[in-house]
1. Give the residue, chosen from Ala210, Ala217, Ala177, that is among the small types (Gly, Ala, Ser), farther than 15 Å from Asp140 by Cβ and surrounded by fewer than 17 Cβ atoms within 10 Å (Cβ to Cβ).
2. For the condition among the charged types (D, E, K, R), touching a strand residue (DSSP E or B) at 6+ places or on another chain (Cβ under 8 Å) and open to solvent by 10 Å² or more (accessible area, probe 1.4 Å), what is the one hit in Asp84, Asp140?
3. Return yes when Thr385 is open to solvent by 20 Å² or more (accessible area, probe 1.4 Å) and in contact with a strand residue (DSSP E or B) (Cβ under 9 Å, 6 or more places away or on another chain) and no when it is not.
4. If I go through the range 50-80 residue by residue, how many of them are in a loop (DSSP other than H, G, I, E, B) and in contact with a strand residue (DSSP E or B) (Cβ under 9 Å, 6 or more places away or on another chain)?
5. If you check Gly444, Gly403, Gly411, Gly427, which single one turns out to be in contact with a His (Cβ under 7 Å, 6 or more places away or on another chain) and of a type outside the set (S, T, N, Q)?
6. Please find, within the range 145-165, the residue that is most open to solvent (accessible area, probe 1.4 Å) out of those that are under 15 Å from Leu472 (Cα atoms) and outside any helix (DSSP H, G or I).
7. Looking only at the range 262-274, which residues are open to solvent by less than 50 Å² (accessible area, probe 1.4 Å) and either out of contact with any strand residue (DSSP E or B) (no Cβ under 7 Å at 6 or more places or on another chain) or of a type in the set (S, T, N, Q) (or both)?
8. Within the range 193-205, can one find any residue that is in a loop (DSSP other than H, G, I, E, B), of a type in the set (Asp, Glu), in contact (Cβ under 8 Å) with a residue 12 or more places away in the chain and crowded, with 21+ Cβ neighbours inside 10 Å?
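The values are calculated or read from the model by the stated rules, or taken from the named source; none is laboratory data. Bear in mind that the values here come from a model prediction, so they are computed numbers and not experimental data. For neighbour counting, all protein chains shown are included, and Cβ atoms are generated from backbone atoms with ideal geometry for every residue, glycine included. The accessibility values were calculated without ligands, DNA or RNA, using every heavy atom of the protein model including side chains. Shrake-Rupley method; radii C 1.70, N 1.55, O 1.52, S 1.80 Å.
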Amino acid sequence: MSAVTIVDIGEHGPDRLRSVLSDEQFAEVRDAVATAQELFDGRVIWHVNSTARGGGVAEMLTALLPYARGAGVDARWAVISGDDAFFTVTKRVHNRLHGAEGDGGPLGDEQRAAYLEALEPNADELCDAIGERDVVVLHDPQTAGLVPRLKASGATVIWRCHVGLDTPNDIAREAWAFLREWVQQADACLFSREQFIWEDLDRERVHVIAPTIDALAPKNQELSDEVVAAILATAGLVEAEAQAAPEFERQDGSTAQVERQATTIEDSRLQPGDAYILQVSRWDSLKDPLGVIDGFVEHVAPHIEAHLVYAGPDVDAVSDDPEGAQVLEQAKDRWESMDAETRAHVHLVLLPMDDLEENAVIVNALQRGAAIVVQKSLAEGFGLTVAEAMWKSRPVVASRIGGIQDQIEDGRSGVLLDDPKDLAAYGKAVVGLLEDPQRARDMGEQARERVRGRFLGSQSLLEYLAVLQRVLEDDEPQAAPAAD
């Protein structure tokens, strides 16, 4: 059985972006395509991570790579595998990169050995597939240990870190120490924010690229109000008969329909017209589902008629997050402890993951139907669910952490919470927007334009091209000086 899975990638021509970009933005993309075709001629650009489903990295690669291929670049996506011990270690590292202790377990010699042992068969297969002129972009802690083997094969290797901490602490430095020996060997390192860059890395080899969204993917494509209602009804999230086909456009341009229902933990379904506050996140303690629930119950529900929907993936379908089931159980326990009246206004949703594009369009419909979208994370790498909601002109209430504060201009294109643990402030922000619909609409309109200017996928493509161009130029052998 193969350790590495190659993910199928479609192709999107650059002209597809014309409808969402300004003329100036589209001209930049067109010029970049010509540069990329010349620079990457005869090379494969590999992206390697640990899952093809669930989480921001998988979504980013699903969105970006078809445009690279459509521009004539041979871009490929490989997913590595690991055992339970491997993912326990990498989750521990992930939490500590955020400055959180997680399960509190060690990162010593035993964990290092388990980590490298799981990577060995992946490295063997990747080295067989990757050529000397190829470029490999490795994503996040799960892949860092592959750097030395892939470098030895002759490839240009870049490590991309999507998570970090605005102000590093000793917990984060433990994760750096675990990864450092491999990361330092990469030809370049990419971070999502300037603040996430490790203190002891060679700044000449470090670059910053902010994540972005694909406005035309199922997660973000335009949906009419009728189709939104039909998708929510078909997915079993709103008690109603679908009055339109729950249709969406797949990445390959074909038309499909939502067929599967979500699994819900609720006393009764939402009714048409119910105002609901939404958070879409993995079942991860750093996303603070318990805080989202408690803040709603204590500081929103007593003041205004509204519902809370906390939606995450079906935990059985996310292979690289061993804590998901535990966090979900904690949320279920909290829900079951509520009185009946309060419980009727709280809905926990496990979204189907059998068809990732279907999953994405259900999220799209949930976001478009929400009165307010929240992202009350305790730690965040970048938090693209914020940009997704902003693109749909939703007012967003979110923590002033990580890349969220790069996306939202406080009071203009959203509301930032200075202290994610301040449940009263969270409730006050939500209630304030529910009570002032015009302010909420104005904020949503500003949010959409903020994303158009800075956080669409075309921007990432341009920035990746600039970094790869520089790295490949640095790797070119220098001509010997002419003899006198």
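1. That would be Ala177, the only listed residue that is among the small types (Gly, Ala, Ser), farther than 15 Å from Asp140 by Cβ and surrounded by fewer than 17 Cβ atoms within 10 Å (Cβ to Cβ).
2. When all the criteria are applied, what remains is Asp140.
3. Considered against the rule, which asks whether it is open to solvent by 20 Å² or more (accessible area, probe 1.4 Å) and in contact with a strand residue (DSSP E or B) (Cβ under 9 Å, 6 or more places away or on another chain), Thr385 comes out as yes.
4. So the count comes out to 8.
5. Unique residue meeting the criteria: Gly427.
6. Gly154
7. Hit for the range 262-274 is Thr264, nothing else.
8. No, every residue in the range 193-205 fails to be in a loop (DSSP other than H, G, I, E, B), of a type in the set (Asp, Glu), in contact (Cβ under 8 Å) with a residue 12 or more places away in the chain and crowded, with 21+ Cβ neighbours inside 10 Å.
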